[in-house]
Amino acid sequence: MSLIHKEISDFSVQAYQNGAFHTVTKADVLGKWGVFFFYPADFTFVCPTELEDLANKYADFQAAGCEIYAVSCDTHFVHKAWHDASERIQKIQYPMLADPTHALAKDFQVYIKADGVAERGSFIVDPAGKIVAYEVIAGNVGRNADELLRRVQASQFVAAHGDEVCPAKWQPGAETLKPSLDLVGQL
């Protein structure tokens with residue numbers, strides 16, 4: 001079953017961000033674009049490369065009006081310990097959400113019960129709190145922040161220009177497609 005257009009459930013979790021703990025709720029997420037970036041666990045191998053990649057692009061996501069929420073089933077205390085121990089993770093300025101009860105991982109359908117961790121999933125959530133794009137991949141394959149940013153920008157463009165669509169490899173400012181009813185009938 002597809003998660004496209006699924007509204008995220010209410011939640012309240014602890015987060016570690018910029019040296020402090022704070023609470024993040026669904027209400028905090030609404031009203032802006034967001035990326036929920038699930039990863040299996042802190043103190044692992046592929047995860048820090050992905051999170052550093054996002055940290056290096058964070059200003060671009062912010063410029064696009066999009067917040068990043070890194071999510072694992074670890075506690076906020078483990079997030080802090082990892083942050084303190086890893087040069088890569090020290091670069092992170094976006095919130096690292098703690099999901100030790102697996103509420104978010106279950107809501108986004110990425111929870112691996114047998115292992116107690118989340119799949120490697122990226123979800124773009126619109127300002128209304130609905131999932132508009134997502135990707136879930138094997139735990140041993142890292143993701144690309146550039147491509148995720150491109151998908152955020154394409155999702156934002158389509159939301160603002162409902163009669164246009166973004167072709168493959170579309171970049172902001174590039175040509176879009178405007179489907180015609182005549183052309184759709186020929187497909």
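The values are calculated or read from the model by the stated rules, or taken from the named source; none is laboratory data. Not measured: the values here are computed from a predicted model. All Cβ positions, glycine included, derive from the backbone under ideal geometry; neighbour counts span all protein chains shown. What goes into the accessible areas is simple: the full protein's heavy atoms, side chains included, and nothing from ligands, DNA or RNA. Shrake-Rupley method; radii C 1.70, N 1.55, O 1.52, S 1.80 Å.
Overview of results
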item	result
Between 0 and 90°, nearest 10: helix 145-160 axis offset from the chain longest Cα axis	50 degrees
Average accessible surface area per residue within the chain, 1.4 Å rolling probe, Å²	51 Å²
Expected 222 nm ellipticity per residue - DSSP helices of 4 or more, -39500 (n - 2.57), all of the chain, to 500	-9500 deg cm²/dmol
Potential extension, Leu30-Ser2 segment - 0.36 nm per residue separation minus Cα distance	7.9 nm
With all protein chains modelled, accessible area of Thr101 [1.4 Å, Å²]	100 Å²
Carbon and sulfur %, accessible surface of segment 106-187 computed with the full protein complex present, 1.4 Å	54 percent
Entries in Lys26/Lys169; Lys26/Lys57; Lys32/Lys113 that, when Cα-Cα distance is taken, lie over 28 Å	Lys26/Lys169; Lys32/Lys113
The chain, dipole about Cα centre (Lys/Arg Cβ +1, Asp/Glu Cβ -1), debye to the nearest 20	80 debye
Euclidean distance between Cα centres, segment 10-42 to segment 114-159, Å	15 Å
Paramagnetic reach from Thr176 in segment 116-139 [backbone N under 17 Å; point 7 Å along Cα→Cβ]	126-127, 132-133
